[in-house]
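Note sheet for the following structure.
The values are calculated or read from the model by the stated rules, or taken from the named source; none is laboratory data. Since this is a predicted model, take the numbers as computed values, not measurements. Don't worry about glycine lacking a Cβ; one is built from the backbone with ideal geometry, like all the others, and counts go over all protein chains shown.
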Amino acid sequence: MNDVVIIGSGPAGLSAAIYAKRAGFSALVIEKAPMSGGQIVNTYEVDNYPGLMGIGGYELAVKLREHAEAMRAEFAEGEVSQIRLNGELREAVTKDKVYPAKAVVIAAGAEHSKLGAEGEDRYLGKGVSYCAVCDGAFFRGKTVAVIGGGDAAAEDALFLAKGCKKVYLIHRRDRLRAAGILQERIRSVPNIETVWDTVLEKIDGGEIVERIHTANQKTGEKGALSVDGVFIAVGIKPQSAGFADLVQTDENGYIEAGEDCRTSIEGIYAAGDIRTKPLRQVVTAAADGANAIAAIQEYFLKKQKDFKS
């Protein structure tokens, strides 16, 4: 039995493993992906992690894993389908095994919804991005397209317009779903052009993105736009389905937890993109991992006092 079982090996999970070992706890990381790192593995360049400007996502993932291994955190492969309560223990359940622990950190992350357009996977990290805040700086002075019509797409378009030469905001309907104030701001920005009733069919280019192919939903007319980047903003899904029956989640499926990462169930913590928070980036995920272990230390001390009394 481990003191802490950590579900997920992205920046939040690996940070939690490092801090757990620093605290003197036994820690096991359960990862379903063949490689640690979470979403950053597919990020061409990370430009906003303090002190490591411009590091490749793959390289950062390797460094995080090596740090956790150097601290002697243990790793196991598997996909956790649920967490069970067994008295004072919390049990992470996979298809083949049950991992008991005194506390569990859920750091399973979130995944950006994909369009399914041709070329989307091929150009991921080579012009295709799901995070304007993360990758927008690489497209200063260039032309980009934002796909979507909600608040996230509108905010991405406004953010990118500050540094990009041209921003196409492409939406499949004839009106945006974004908040009215965001729509007003978009109309006032001269380098944002909204393309209505249009879907993205294909992303094309050589080694990097060079153009997109579109189709008008109403007329069927095909078109093409020369762009340097494509930002897809059609939603994000927290990987919380297996835990939603146990811990409290919000209307979008994010696990409700504050900066201390405590969930509605004692001894269970949520860290990284899976929890309710305003900003989901590598630096905030790493901070969550540290905060979760700090909260677990307090939890263990309280349990010791309760036992002695």
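Annotations for the structure displayed:
- Positions within segment 256-270 being among the aliphatic types (A, V, I, L, M), in contact (Cβ under 8 Å) with a residue 40 or more places away in the chain and under 14 Å from Ala285 (Cα atoms), in sequence order: Ala270
- Hits in segment 164-190 - residues which are closer than 16 Å to Ile232 by Cβ and surrounded by fewer than 16 Cβ atoms within 10 Å (Cβ to Cβ): Arg177
- No other residue among Ala92, Ala117, Ala107, Ala73 is among the aliphatic types (A, V, I, L, M) and outside the structural domain of Asp47 (by TED's automatic domain parsing) apart from Ala117.
- Picking from residues in segment 191-211 that are within 25 Å of the chain's Cα centre (by Cα) and among the β-branched types (Val, Ile, Thr), the one that is surrounded by the most Cβ atoms within 10 Å (Cβ to Cβ) is Ile203.
- Count of segment 131-156 residues which are without any contact (Cβ under 8 Å) to a residue 40 or more places away in the chain and buried (at least 24 other Cβ atoms within 10 Å of the Cβ): 1
- The set of residues in segment 16-44 being in contact with a helix residue (DSSP H, G or I) (Cβ under 7 Å, 6 or more places away or on another chain), farther than 19 Å from Lys102 by Cβ and touching a residue at least 60 places away in the same chain (Cβ under 8 Å) consists of Gly38, Ile40, Asn42, Thr43, Tyr44.
- Candidates Tyr123, Tyr130, Tyr99, Tyr168 - the one that is at pLDDT 95 or above and either assigned by TED's automatic domain parsing to the domain that holds Glu201 or within 18 Å of the chain's Cα centre (by Cα) (or both): Tyr168
- In segment 237-258, of all residues being of a type outside the set (S, T, N, Q) and in contact with a helix residue (DSSP H, G or I) (Cβ under 6 Å, 6 or more places away or on another chain), the one that is modelled with the lowest pLDDT corresponds to Pro238.
- When the criteria are applied in full, Thr219 meets the requirement of being in the same structural domain as Leu158 (by TED's automatic domain parsing), over 14 Å from the mean Cα position of the chain (by Cα) and polar (S, T, N, Q).
- Selection count where residues are surrounded by 24 or more Cβ atoms within 10 Å (Cβ to Cβ) and outside any strand (DSSP E or B), scope segment 20-33: 1
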